[in-house]
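Here is the structure we will look at, set down as structure tokens.
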Amino acid sequence: MNWNRRTSNLYSGMVQRFGPKWVCGKLVDPGRDLPFTLAELRTWMQVQIGSRVIVCRVCSIPMNYCTVGLDHTVPVSRGGGLGLDNLNLLYCQKCNIIKGSLKVEEMNRLQELIATFDYEAQKDILDRLANGGIGHHKMMRKVRAMHADSRKVKR
């Protein structure tokens, strides 16, 4: 993927995520406009990345513009702003998904905790976190179904 396509995808994804929401032709959430343009995002990313090799804080893989994830230092869902001053390039795309709506300090504490487990447990925990809410909800439905089935058997 080239630089223009990647940055355009990142920008349009943010516009879609934070912009107005429509359901059946009705505006249900006016959303918020991004306080920067695509050109400003590109300039910001060029300054942040430059010619350096950036390494993901979680998995330590070297990142470039194709693999870096845009992250909000203070998540928007927790009061953080949409501006460039609240963006960082600390995590790869996969680890940014794991981070979710944690603040950077909270993610650091989670990393410290995970580091106390043996390698296999660390890998398992990170794989589970990477699956996000979808995996969690499917698992919870299975657990509830198993509990429901076990109550039927006992009666």
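Can you find a residue in the stretch 27-48 that is among the acidic types (Asp, Glu) and under 24 Å from THR7 (Cβ atoms)?
Within the stretch 27-48, one or more residues are among the acidic types (Asp, Glu) and under 24 Å from THR7 (Cβ atoms).
Only residues that are in contact with a Leu (Cβ under 6 Å, 6 or more places away or on another chain) and closer than 21 Å to GLN16 by Cβ: list them for the stretch 36-70, please.
Answer for the stretch 36-70, where residues must be in contact with a Leu (Cβ under 6 Å, 6 or more places away or on another chain) and closer than 21 Å to GLN16 by Cβ: PHE36, TRP44, VAL68, LEU70.
Does LYS152 fit the bill of being modelled with pLDDT of 80 or more and of a type in the set (Lys, Arg)?
no
Give, as residue ranges, the strands (runs of 3 or more DSSP E) completely inside the stretch 1-92 that count at least 2 residues that are loosely packed, with under 12 Cβ neighbours inside 10 Å and in contact with a strand residue (DSSP E or B) (Cβ under 6 Å, 6 or more places away or on another chain).
Result: 26-29.
The values are calculated or read from the model by the stated rules, or taken from the named source; none is laboratory data. Keep in mind that this is a model prediction, so the values were computed, not measured. Glycine gets a Cβ as well: all are built from the backbone with ideal geometry, and neighbour counts include every protein chain shown.
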